[in-house]
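Notes for the one structure printed next.
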Amino acid sequence: MTARIKFSLNLYWPLFIALAVSICAVEIWIVSSAFFMQNPNALAFGITADIVIVIPSAYCFFLVRKKQAPMITLVPVIVLSLAAASSILPTGQQNYLEAVKKTVPLLELVALGYIATKIRAIIKNFHEVKQSEIYFIDALTESCKRVLGKLPVLGFVLTEFTLVYFAFGGWFKKFVTLDSNNLPFSYHRKSGYAAVLGIIMMILLAETTALHLLLQVWSKVAAWIFTGLSIYSLFWLLGDYHAMRLHPIVLGQNVLFIRTGLRWRAMLPLANIAAIQKFNAREKRTKDYLGLSVFGDPHLVIYCKQPVVVQGLFGIKREACRIGLTVDDEKLFLETLHQRLRIENC
């Protein structure tokens, strides 16, 4: 079995985008044609209806109806449609458009009310789900799925939110498990990753300061955009480190929960473990191998009887039969794992 990357492809999104772009392109052609000059009032009404009504209706038909997006996302689609119509129609032919724009404040109030309701529901579900889930991100993901459904971009949004959340609040949190059978094992302390991260952050701060001063001579806007992106990268690195600290590898009674922060995650039943050995460099040349160490080569390799699906950032998935990992307390990890494997095989 060879390791392979899988990307989920949803045709509803590209279909809607293609339709919306096509409608806007046709309306631009109509506005620039001689037909528009002959009957501007009627055509302005038709263009307004096509962009402001047809495009949001298509969004509902292709995405909301198919549960690819929640109804609340219709509000920004309507706002973007109004902006598109405003840029396409001549200034003197926007009477119908101005009438529609008066409904925007009402849409904003509805959206804020909807968001407040959903946030309360997510928080309520989170407190319920976290009693059974081991990791923070899993509890948050499950609570969001219960309230919002399975959205294509949900994983990406939650990953970004969690990393920023950890960057600010991770300093004051510790990993806690309610099940005494779940034994956590850290994997970031002995790898030297903290020292490397500190050096990277110092270099990033120094380069950001120097390039900000250099870019400011050319463009203040560009300088602040670059500085903002650098600051966000800094928060991302901090969040990534705390994600490793707060998402350890957990050895359960029957399952091994493998984590590399938020980068990689897998749930490996102990019954699927064929053997565990010391890492050898030749493992890298095998197609069914995936290394999950934080920094450098792993110390151990787990051999699986059946391929395991390992999930990564941004929806990436890989299948592997050999998984390389590192734990700080290797001796205790191996002793406990072998003990539970013997129990599992009895």
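Projected over every direction and averaged, the convex hull enclosing the alpha-carbon atoms of the range 249-345 yields 5.9 nm². Taking the Cα centre of the chain as origin and assigning +1 to Lys and Arg Cβ atoms and -1 to Asp and Glu Cβ atoms, the resulting dipole is close to 800 debye. Taking every DSSP beta bridge with both residues inside the chain, roughly what % is antiparallel (nearest 5)? Antiparallel bridges make up about 90 percent of those DSSP assigns within the chain.
For residue 95, neighbours were defined as the other residues whose beta-carbon sits under 13 Å from its Cβ, and their charges (Lys and Arg +1, Asp and Glu -1) total +1. In terms of distances greater than 25 angstrom between alpha carbons, the cross-link table entries 124/173; 130/190; 284/305; 190/331 yield 130/190. The smallest convex shape that holds all Cα atoms of the range 167-297, its convex hull, gives 155 Å³ per residue.
Computed over the alpha-carbon atoms, the range 113-172 gives an Rg to Rh ratio of 0.97, Rh here being the Kirkwood radius from the mean inverse distance.
Projecting the Cα positions of 119, 91, 22 onto the charge dipole of the chain (unit charges on Cβ atoms of Lys, Arg, Asp and Glu, taken about the Cα centre) puts 119 furthest along the positive direction. Think of the range 249-345 as a dipole: +1 on every Lys or Arg Cβ, -1 on every Asp or Glu Cβ, centred on the Cα centre; then among 286, 336, 296, 286 lies furthest on the positive end. Estimated from helical segments only, the mean residue ellipticity of the chain at 222 nm is -17500 deg cm²/dmol, where each DSSP H run of four or more residues counts as -39500 (n - 2.57). Size of the chain from its Cα atoms: along the principal axes, largest to smallest, the extents are 84, 53, 41 Å. Across the alpha-carbon atoms of the range 5-102, the computed radius of gyration and Dmax are 15.1, 56 angstrom.
The numbers here are math on the coordinates, done by the rules we state, and not lab data. Worth saying up front: this structure is predicted, and the values here are computed from it rather than measured. FYI the Cβ positions are ideal-geometry reconstructions off the backbone, even for glycines, and counts take in every protein chain you see.
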